[in-house]
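Visitor: After the structure tokens below, expect a handful of questions from me.
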């Protein structure tokens, strides 16, 4: 899925005025920079936050934050790896946790790691308690990081 479509897909909620949280995971940092929002960030704001053109991270559909598992959208720089951005270990581990929690699969293979995230990664979720523990629907179609 292209990042331009992330709002259209309703991944964060139908109401663009919904309050939520943006977690920015930077390479080398164990804890995210936390930014609450009163309306969903625009594509331009996300681009500035991660330093490039974003695309959704396949299967990164939930995150545990402050003891609550929430539905989320994770966005990574489309060209981060090609631009030699540093490996983002924390975001990669969180992606692996989401895959395990939601799909029962992992990024780890016998021959090594299947994929990883590079550069700054943004994770967004709305503050809707009904959605916090709602079942996760797998993504349908579109281009994602795993599809490359």
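Visitor: Which residues, taken from region 93-103, are closer than 18 Å to residue 24 by Cβ and either surrounded by fewer than 21 Cβ atoms within 10 Å (Cβ to Cβ) or at pLDDT below 95 (or both)?
Guide: Step one: filter region 93-103 for residues closer than 18 Å to residue 24 by Cβ, giving 93-95, 97-98.
Answer for region 93-103, where residues must be closer than 18 Å to residue 24 by Cβ and either surrounded by fewer than 21 Cβ atoms within 10 Å (Cβ to Cβ) or at pLDDT below 95 (or both): 93, 97.
Visitor: Quick one: in region 21-45, which of the residues that are modelled with pLDDT of 95 or more and buried (at least 20 other Cβ atoms within 10 Å of the Cβ) is nearest to residue 77 (Cα to Cα)?
Guide: Among them, the one singled out is 25.
Visitor: Can we say residue 59 is modelled with pLDDT of 95 or more, farther than 17 Å from residue 21 by Cβ and in contact with a strand residue (DSSP E or B) (Cβ under 8 Å, 6 or more places away or on another chain)?
Guide: So residue 59 does not fit the description; no.
Visitor: Hey, any hits in region 125-139 for a residue that's buried (at least 21 other Cβ atoms within 10 Å of the Cβ), out of contact with any helix residue (DSSP H, G or I) (no Cβ under 7 Å at 6 or more places or on another chain) and either over 14 Å from residue 58 (Cα atoms) or modelled with pLDDT of 95 or more (or both)? Steps first, please.
Guide: Filtering region 125-139 for residues buried (at least 21 other Cβ atoms within 10 Å of the Cβ) gives 125-126.
Restricting the remaining residues to those that are out of contact with any helix residue (DSSP H, G or I) (no Cβ under 7 Å at 6 or more places or on another chain) gives 125-126.
Those left that are additionally either over 14 Å from residue 58 (Cα atoms) or modelled with pLDDT of 95 or more (or both): 125-126.
Yes.
The values are calculated or read from the model by the stated rules, or taken from the named source; none is laboratory data. Predicted model, so just to flag it, every value in this text is computed and none were measured. Reconstructed Cβ throughout: ideal geometry from the backbone, glycine too, with neighbour counts over all protein chains shown.
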